[in-house]
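Trainee: Here it is, the structure in full.
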Amino acid sequence: MDSVNAIASPRVDGALVLAGRFQRSVTFGVEQLRQYDSVLATPFDLRCYTTNRFIRSVEPYRGVLLTTLITEAGLPDSVPGEFKRTVFVAVGRDGYIVTFSWHELFNTPIGESVLVAYECGGRALDAEDGAPILFSGADILPAPRHVKRLARIEAHVLGAMA
């Protein structure tokens, strides 16, 4: 997706920008994320998706639900029901990209375990630790949607198919 790379985000260490087809663009620093209700994930083993090779065990993350941040930015609403065609693109500072759909986040149990983490194993994380970290706790293998140094979440509304 070329448009993913075209959207610039401010270079603030540890800041997460929500931009694109939200009602408003917002920026969250790691300390701001701590102001929201938190969720504690279960510990997991990080494994490579292609080889299933064990990478490391990860203690429980604590963070804010991605759906909470998306709601804060506001879902697109200029056309009735367009929010249901929204996909969210999470981009790490290194360019790593993962996606979620509105249906997946707001209409299935997956959304209850996708969080933006600022703590691991009871220890506060900072930009040097890779915070904020996006984590999808409902995935069969967590590595493919585990994004350290999360820079931005972009909202894109898919067009109608002809």
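The values are calculated or read from the model by the stated rules, or taken from the named source; none is laboratory data. Keep in mind that what you see is a predicted model, and the values were worked out from it rather than measured. Counting neighbours? That spans all protein chains shown, and the Cβs are built from the backbone with ideal geometry, glycine included.
Trainee: From the set of residues in segment 54-68 that are in a strand (DSSP E or B) and free of Cβ contacts under 8 Å to residues at least 40 places away in the same chain, which is farthest from residue 33 (Cα to Cα)?
Mentor: Among them, the one singled out is 54.
Trainee: Name the single residue, out of those in segment 144-161 being surrounded by fewer than 18 Cβ atoms within 10 Å (Cβ to Cβ) and over 19 Å from residue 83 (Cα atoms), that is modelled with the highest pLDDT.
Mentor: Here the residue is 148.
This table checks each residue for (1) in contact with a helix residue (DSSP H, G or I) (Cβ under 7 Å, 6 or more places away or on another chain); (2) among the hydrophobic types (A, V, I, L, M, F, W, C); (3) within 20 Å of residue 132 (Cα to Cα).
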residue	(1), (2), (3)
51	no, no, no
57	no, no, yes
63	yes, no, yes
91	yes, yes, yes
95	no, no, yes
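Trainee: Farther than 17 Å from residue 15 by Cβ, free of Cβ contacts under 8 Å to residues at least 60 places away in the same chain and surrounded by 21 or more Cβ atoms within 10 Å (Cβ to Cβ), is that true of residue 114?
Mentor: Working: farther than 17 Å from residue 15 by Cβ: yes; free of Cβ contacts under 8 Å to residues at least 60 places away in the same chain: yes; surrounded by 21 or more Cβ atoms within 10 Å (Cβ to Cβ): yes.
So residue 114 fits the description; yes.
Trainee: Residue check: is residue 74 surrounded by fewer than 19 Cβ atoms within 10 Å (Cβ to Cβ), out of contact with any helix residue (DSSP H, G or I) (no Cβ under 9 Å at 6 or more places or on another chain) and touching a residue at least 40 places away in the same chain (Cβ under 8 Å)? It would help to see each step written out before you state the result.
Mentor: Details: surrounded by fewer than 19 Cβ atoms within 10 Å (Cβ to Cβ): yes; out of contact with any helix residue (DSSP H, G or I) (no Cβ under 9 Å at 6 or more places or on another chain): yes; touching a residue at least 40 places away in the same chain (Cβ under 8 Å): yes.
Spelling it out, residue 74 is indeed surrounded by fewer than 19 Cβ atoms within 10 Å (Cβ to Cβ), out of contact with any helix residue (DSSP H, G or I) (no Cβ under 9 Å at 6 or more places or on another chain) and touching a residue at least 40 places away in the same chain (Cβ under 8 Å).
Trainee: Go through (1) surrounded by fewer than 16 Cβ atoms within 10 Å (Cβ to Cβ); (2) assigned to a strand (DSSP E or B) and name the single condition residue 31 misses.
Mentor: Failed condition: (2).
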